[in-house]
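First up is the structure itself, then whatever we jot down about it.
The values are calculated or read from the model by the stated rules, or taken from the named source; none is laboratory data. Everything numeric in this text was worked out from a predicted model, so none of it was measured. Note that each Cβ is placed from the backbone with ideal geometry, even for glycine, and that neighbours are counted across all protein chains shown. Note: areas computed on protein heavy atoms with side chains; ligands, DNA, RNA excluded. Shrake-Rupley method; radii C 1.70, N 1.55, O 1.52, S 1.80 Å.
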Amino acid sequence: MANNLLTLLGGTVGSGNLTYNVQDKTSGFQPNTETVRNLAFSHWSGYLSDQWRFRPNLSLNLGLRYELFTPVKEENGLALEPVFGAQTPLQAILNPAGTYDFAGGNSGIPNSYFKTDKNNFAPVLSIAWSPNFGENVIGKIFPNGGKTVIRAGFRQSFVNDEFIRSADNATSGNAGLVQTVTQGGLNSRVGALPAFTTPAFQVPRTYAQNNALAANFGTVFGIDPNLETPKITEFNIGIERELPHGIALEARFVHGQSSNLVRGLDFNQVRIFDNGFLTDFNRGLSNLNLGLSANCTSGAGCQPLSVLNDPARFGPNAAALLSNATITNAIRAGTPGQLAFLYISSFGVGNTTVLPNSNTGVADLDTNSARYSYNSAQIELRKRFANGWTFQANYTLQKTLTDAAGTGQTRFDPLIDNAQPNLEYARADFDTAQVLNFNTIYELPFGRGRRWLNSGNGFVDRLVSGWELTSIFRVSVGAPILITDNRGTLNRAGRSGRQTPQTNLTLPQLKALLGVFQTPCGVFGVDPEVINIDLAKCQQGIRASQVAGLNAGIGAAPFGSAPFPGQVFFLNGPGQTGNMARNFDNGPLFFNWDASIIKNIRITEKTTFQLRAEAFNVLNHANFFYAGNDVSSTSFGRITSTFTSSSAQRVIQFVGRFEF
């Protein structure tokens, strides 16, 4: 602080930094240059199709599409990748002796991140049949041939599932082309600043070198050179029936799936099971709970350690570290995964014991390892525009299952536990299980050519004709709810963001806890009866804990503490991950109504002036958004916001438009 004050009052420079970049593969580090990304790829496609009309009421469409996405490449070659050589990609990123080199070596194509996927042939098939069922039972249900159509379709598609952004993110994680030099304690005048020494540039470079630059937690990020263009398979079948008064009814089943979506995974998961780490952690926890030191050697109930205090595994200060508050706090919290991370990142020890690759913090790989499945039943009723009225109503019942969130552009979705990938397979974060939409346009029946006030009086006609009413309604269930215990009990906390807690409730019992609960101390999406809130004081608008010493508003008592009355969610123990399903139910109901009143004023035969009064969210209905899902948070279960779209609050606008 004294030095900072001196430089401030004296007008001197106390510290400085200079960032060096590489201009080309041979330039070395250069000051005062920018980092420029020159990513490029091409997309080529061709399509053949034909239609066969076998009968007047039966037609078949066949097609074949070819998609070619050339590999993403860095035009100037300034991107680093781990060198695979004769190893598999997984072996290479987990090899402590691994190296980085300029991109293109793994794919065999200069500057390219992966090879060309050339076999992307996508068939398309559809059929339409308008049956005449005759006089049989089905014919009595569907009389009058030609008014019923059965359609079915199948297609495959090859899509760009962010493999450009994901590939760019991967190579950006491999350091070595940018370096910042910092000088502190200068006390120099602006006109007499010391020179910076240009850092040495080295490529190829080792994992160990990058790990040292990143404070013992570097990044190795590879891309599978055989990365495929994701393939989507879809099919649908539906029946449409023409009804009286220009109305049509259609019912459909729609399915979609893929098993090779782009996904980045971290294979350098901290190891706590196969090396005695978890067993020793539990010994240390037991010792602390008895009032002893974690590394006790004597005392009633003492369990001597053999791993965490081993200098060969955790450095010469291994025993002393077990008295460090950071270490003991992680043990008391029951988080062995996070403790393993702290040993590496905060104290620079334990790499060879707790990491598969001891010379990097993360070992990521872009692969085609994500999958999804979509199924929906859809029904639609629509009326074609006639007599001044049209409408469309549709309802969808659907489920989207996936093992990757897929909501980030980089498609980096690491697993909580690489040994249990199926834990992640659940409803997608964006799954909307039920949706009802309705829209309509109605022309008021007044004026010339209409039912009422059609006398032809020019003034009256100009006043009462040309009025339209429109409405759009949407009702849907809320987004899926994920309740979490994101502590590092099995993996480190940075990989446990989607970990669920423990519960002893059945799925129907869990669903019964959700809703909108308005209380004097807040609005909740989870029944306050299972949250640590004194409900008697809540009626007075006071948020207070039921139990002295526990934070009010939490959904689970801290690890090692007795549960509070009504508690149904419990923190995971050391080495555990949650037994609750992810995204097990829906958030609060969403409802929105937009409407408008339109007046068309004809000026001449070819010109019209239109006035519109438009209202978005006509009823000013609050659509609650539930995000309080961490059971350790003092805001667990609480709804603190509404949807923030343009229609979140009622908006009324007036528009004038001249048409010619």
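Out of (1) open to solvent by 50 Å² or more (accessible area, probe 1.4 Å); (2) touching a Gly at 6+ places or on another chain (Cβ under 6 Å), what's the single condition that is false for Gln509?
In the conditions (1) open to solvent by 50 Å² or more (accessible area, probe 1.4 Å); (2) touching a Gly at 6+ places or on another chain (Cβ under 6 Å), Gln509 misses (2) alone.
Residue check, Glu240 against (1) among the charged types (D, E, K, R); (2) outside any loop (DSSP other than H, G, I, E, B); (3) open to solvent by 60 Å² or more (accessible area, probe 1.4 Å), all met but one. Which one?
The single condition Glu240 does not satisfy is (3).
Give me the pairs: first residue in the stretch 309-331 and among the hydroxyl-bearing types (Ser, Thr, Tyr), second residue open to solvent by less than 40 Å² (accessible area, probe 1.4 Å) and not in a helix (DSSP H, G or I), beta-carbon distance under 7 Å, and six or more apart or on different chains, which are they?
That search, which allows pairs on different chains as well, returns Thr328/Ala294.
One residue is enough: does the stretch 400-412 have a residue meeting the conditions at pLDDT 90 or above and at positive phi?
Taking every residue of the stretch 400-412 in turn, at least one turns out to be at pLDDT 90 or above and at positive phi.
Step by step: first the residues of the stretch 412-458, then only those that are in a loop (DSSP other than H, G, I, E, B) and among the aromatic types (Phe, Trp, Tyr), then the one that is surrounded by the most Cβ atoms within 10 Å (Cβ to Cβ). Which residue is that?
Tyr425
Out of (1) part of a loop (DSSP other than H, G, I, E, B); (2) touching an Asp or Glu at 6+ places or on another chain (Cβ under 8 Å); (3) open to solvent by 40 Å² or more (accessible area, probe 1.4 Å); (4) not β-branched (Val, Ile, Thr), the odd one out for Arg371 is which?
Failing condition for Arg371: (1).
Identify the residue in the stretch 512-540 that is within 16 Å of Gly628 (Cα to Cα) and of a type in the set (A, V, I, L, M) and, among all such residues, is surrounded by the fewest Cβ atoms within 10 Å (Cβ to Cβ).
So, considering only residues that are within 16 Å of Gly628 (Cα to Cα) and of a type in the set (A, V, I, L, M), the one surrounded by the fewest Cβ atoms within 10 Å (Cβ to Cβ) is Val516.
Select, from Arg462, Arg487, Arg498, the only residue that is surrounded by fewer than 15 Cβ atoms within 10 Å (Cβ to Cβ) and either in a loop (DSSP other than H, G, I, E, B) or at negative phi (or both).
Answer to the selection: Arg462.
In the stretch 202-237, which residues are part of a loop (DSSP other than H, G, I, E, B) and open to solvent by 60 Å² or more (accessible area, probe 1.4 Å)?
Gln202, Pro204, Ala215, Asn226, Glu228
Would you pick out the residues in the stretch 294-332 that are among the polar types (S, T, N, Q), within 42 Å of the chain's Cα centre (by Cα) and surrounded by 16 or more Cβ atoms within 10 Å (Cβ to Cβ)?
Asn295, Asn309, Thr328
Gly560 versus (1) in contact with a helix residue (DSSP H, G or I) (Cβ under 8 Å, 6 or more places away or on another chain); (2) on the phi < 0 side of the Ramachandran plot: which is the lone unmet condition?
(2)
Scan the stretch 394-409 for residues that are over 14 Å from the mean Cα position of the chain (by Cα) and of a type outside the set (S, T, N, Q) and jot them down.
Tyr395, Leu397, Lys399
Of all residues in the stretch 126-167, which are small (Gly, Ala, Ser), closer than 20 Å to Arg55 by Cα and at pLDDT 95 or above?
Ser126, Ala128, Ala152, Gly153 - these are the residues of the stretch 126-167 that are small (Gly, Ala, Ser), closer than 20 Å to Arg55 by Cα and at pLDDT 95 or above.
Quick one: count up the residues across the stretch 490-525 that are charged (D, E, K, R) and farther than 30 Å from Gly361 by Cα.
1
What are the residues in the stretch 336-361 that are open to solvent by 10 Å² or more (accessible area, probe 1.4 Å) and in contact with a helix residue (DSSP H, G or I) (Cβ under 9 Å, 6 or more places away or on another chain), if any?
Gln338, Phe341, Leu342, Ser346, Phe347, Val349, Asn351, Thr352, Thr353, Ser358, Asn359
Answer yes or no: is there a residue in the stretch 471-478 that is modelled with pLDDT under 95, farther than 24 Å from Val270 by Cα and either part of a strand (DSSP E or B) or open to solvent by 50 Å² or more (accessible area, probe 1.4 Å) (or both).
Within the stretch 471-478, none of the residues are modelled with pLDDT under 95, farther than 24 Å from Val270 by Cα and either part of a strand (DSSP E or B) or open to solvent by 50 Å² or more (accessible area, probe 1.4 Å) (or both).
Can you list residue pairs whose Cβ atoms sit under 7 Å apart, with the first residue in the stretch 444-456 being closer than 16 Å to Ile601 by Cα and the second being of a type in the set (Asp, Glu)? Count only pairs 6 or more apart in sequence or on different chains.
Partner pairs satisfying both residue conditions: Gly447/Asp461; Arg448/Asp461.
Let's see how each residue does on (1) of a type outside the set (Asp, Glu); (2) open to solvent by 30 Å² or more (accessible area, probe 1.4 Å); (3) over 21 Å from Ala170 (Cβ atoms):
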position: Ser376; (1), (2), (3): yes, no, yes
position: Lys383; (1), (2), (3): yes, no, yes
position: Ala386; (1), (2), (3): yes, yes, yes
position: Thr407; (1), (2), (3): yes, yes, no
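Determine, yes or no, whether Arg543 is under 20 Å from Asn504 (Cβ atoms), assigned to a loop (DSSP other than H, G, I, E, B), basic (Lys, Arg) and modelled with pLDDT under 95.
It is false that Arg543 is under 20 Å from Asn504 (Cβ atoms), assigned to a loop (DSSP other than H, G, I, E, B), basic (Lys, Arg) and modelled with pLDDT under 95.
Return the total of residues in the stretch 70-107 being in contact (Cβ under 8 Å) with a residue 12 or more places away in the chain, of a type in the set (A, V, I, L, M, F, W, C), open to solvent by 20 Å² or more (accessible area, probe 1.4 Å) and part of a loop (DSSP other than H, G, I, E, B).
3
Run Gly173 past the list (1) free of Cβ contacts under 8 Å to residues at least 60 places away in the same chain; (2) open to solvent by less than 40 Å² (accessible area, probe 1.4 Å) and report the number of the one that doesn't hold.
Every condition holds for Gly173 apart from (1).
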